[in-house]
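If you scroll down you'll find the structure; I have some questions about it.
Bear in mind these aren't lab numbers, they're just calculated from the coordinates by the rules spelled out. Everything numeric here is computed off the predicted structure, so don't read it as measured data. Here the Cβ positions follow ideal geometry from the backbone for every residue, glycine too, while neighbour counts run over all protein chains shown.
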Amino acid sequence: MGRIQRGYIYEASGCFYVRYWTEEIVDGRSQRVQRSERLCEKSDKHYARNSKAVRLLRDDFMNKRNQEHARRAVNHAADMSVVDFWERVYLPYCESGWKGTGMRPSTVRGYKQVWSQHLKAHFGTETLQGYTAAMARRFLQSIKTLQGKNTLKHIRALASAMFTEAVERDLCDANPWKVKIPKDCKDSEPTGHYTMEEAENLVSALVDHVDGQLVLALACFLGLGPAEIAGLQWGDIDEDWIHIRRNRLLGKTVAPKTKERAADVPILDQVRVPLELWRKKAECTDAAWWVIPDLHNLVGRVIKPHVRGMECARCEKIPAASGVEWKGLYAGRRGACTAVIEATGGNYAVAQALLRHKRMTTTLNVYKKQITPDAFEAGMRQFQKSLKGEA
């Protein structure tokens, strides 16, 4: 693509075309490909591929292509590459510059994952000024059957946020990522959740690890997220309530995700038992001490091996005593939401309060899962009674 192209004229199906080389996104990467453009139909004026009229059409089209290529080449030499912008500007901005404190560690971690897995190779040597909306659309089209819709949304969100910041810094004129997700993209896999029976089996499988039981109980019965569990201190727990005051992730302590998430949840019996057992076994129960000092290590070395029946450094093969597929701690939060709605006869407000969401739509759209067959059958029996006028 470094030289000026003349283009090759050929005839097909009564028309004249010009063939040329260009760069396009193929399977998420920039590649040199050959393309053709229709010039005109064959006629008395355009009677042969080497006729002057046909060559003039070819020259006009190829001049525009060459000028566009030259403009992009100048941009590549003059402005900042997208990769450099990420490494030198945007990532540091996310880590420490955003609102003077930086974004949440979980947000930054997610951005890094999307960047390394999808965007870094795609952007390659492209520059902020040279990148176009057509490139963004072709990239999304190229991976629409390889990645789920939610992944495509995450990719678009990060890329769009990056270019929005670049526009604010006068490094480019417009955000090329204001594009739509392909309509025929691959559907995302549904997020997992645990039923209450599965939750009880998980807890039972960790009978010799009461700290692991407590973690699962907090997630599956009270709907606490992993960062909230890691952020609990003994001073946050009184006789009947747990007070959510902070999150802790990757060793960094931050405020809860929203002000609504900084709330109190009642202690159920399913949580109280492992909580008191762990209080007796914990090395320290001072008010400012973490209830679960190292959640990441506990999940990886104790909880997952007992659930999956994996090999463990401290023991031989552990049987999968739970009989439950491991879906992560967030599956417990989603399961708690679904279970409390069913148990309260469809009282969504209780689920919203338990998960401490600002909006009811978040509770229903993201966390509420399909009801169990038993709950559906019970609901239909109640519906039948109403149709008969029974109480």
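Listing E198, E168 from the residue with the fewest other Cβ atoms within 10 Å to the one with the most, what is the order?
Listed from fewest to most nearby Cβ atoms, that is E168, E198.
With both partners inside the chain, how many of the DSSP beta bridges are antiparallel, as a percent to the nearest 5?
In the chain, DSSP labels about 95 percent of beta bridges as antiparallel.
Just one of (i) 41, 27, 18; (ii) 56, 27, 20; (iii) 41, 23, 19 is semi-axes √(5λ) of the Cα gyration tensor in Å as worked out from the coordinates here. Which one is it?
(ii)
How do 280-288, 33-41, 225-233, 81-89 rank on mean C-beta neighbours within 10 Å, highest first?
Descending packing order for the listed peptides: 225-233, 81-89, 33-41, 280-288.
Give me V215, V207 ranked fewest to most by other Cβ atoms within 10 Å of their Cβ, as a rough exposure proxy.
The fewest-first ordering by Cβ neighbours comes to V207, V215.
Compute the helix-to-body angle for 52-78: its Cα long axis versus the longest principal axis of the chain, expressed 0 to 90° and rounded to tens.
Taking Cα atoms only, the helix is inclined about 50 degrees.
Calculate for the chain the 222 nm mean residue ellipticity that helices alone would give, adding -39,500 (n - 2.57) per DSSP H run of length 4 or more and normalising by residue count, nearest 500 deg cm²/dmol.
The per-residue figure over the chain is -12500 deg cm²/dmol.
Give me the distance between the Cα centres of the stretch 156-178 and the stretch 261-297, rounded to whole Å.
44
Additional query: What residue among S43, S204, S188 shows peak mean-square fluctuation when the chain is described by a Gaussian network model with Cα springs under 10 Å?
Highest fluctuation of the listed residues: S43.
Checking the a/c ratio against 1.5 first, then a/b against b/c, what shape does the Cα gyration tensor give for the stretch 82-168?
Since a/c reaches 1.5 but b/c is at least a/b, the shape of the stretch 82-168 is classed as oblate.
On a C-alpha basis, how far is the centre of the stretch 95-116 from the centre of the stretch 43-57 in Å? Whole number, if you could?
One Cα centre to the other: 58 Å.
State, to one decimal in nm, how far the label point of D269 lies from the label point of V207, with both points 7 Å from Cα in the Cβ direction.
1.9
Cβ under 13 Å from N150's Cβ, N150 left aside: what net charge do those residues give with Lys, Arg +1 and Asp, Glu -1?
Here the count lands on +3.
Using Cα atoms only, what is the angle between the long axis of helix 210-222 and the major principal axis of the chain, expressed in degrees (0 to 90) to the nearest 10?
Rounded to the nearest ten degrees, it is 70.
Ok, one more. To the nearest 0.05, how large is the calculated FRET efficiency for T164 and S116 if R₀ is 25 Å and r is the Cβ-Cβ distance?
Calculated value: 0.75.
7 Å from Cα along Cα→Cβ at both N150 and L364: what's the point-to-point distance in nm?
2.0
Quick one: helix 149-168 against the long Cα principal axis of the chain, what's the angle to the nearest 10°, folded into 0 to 90?
Taking the Cα atoms of the chain, the angle to 149-168 is about 70 degrees.
Here are some pairs, K64/K180; K112/K257; K144/K178; K153/K183; K149/K327; which of them have Cα atoms lying more than 22 Å apart in this structure?
K64/K180
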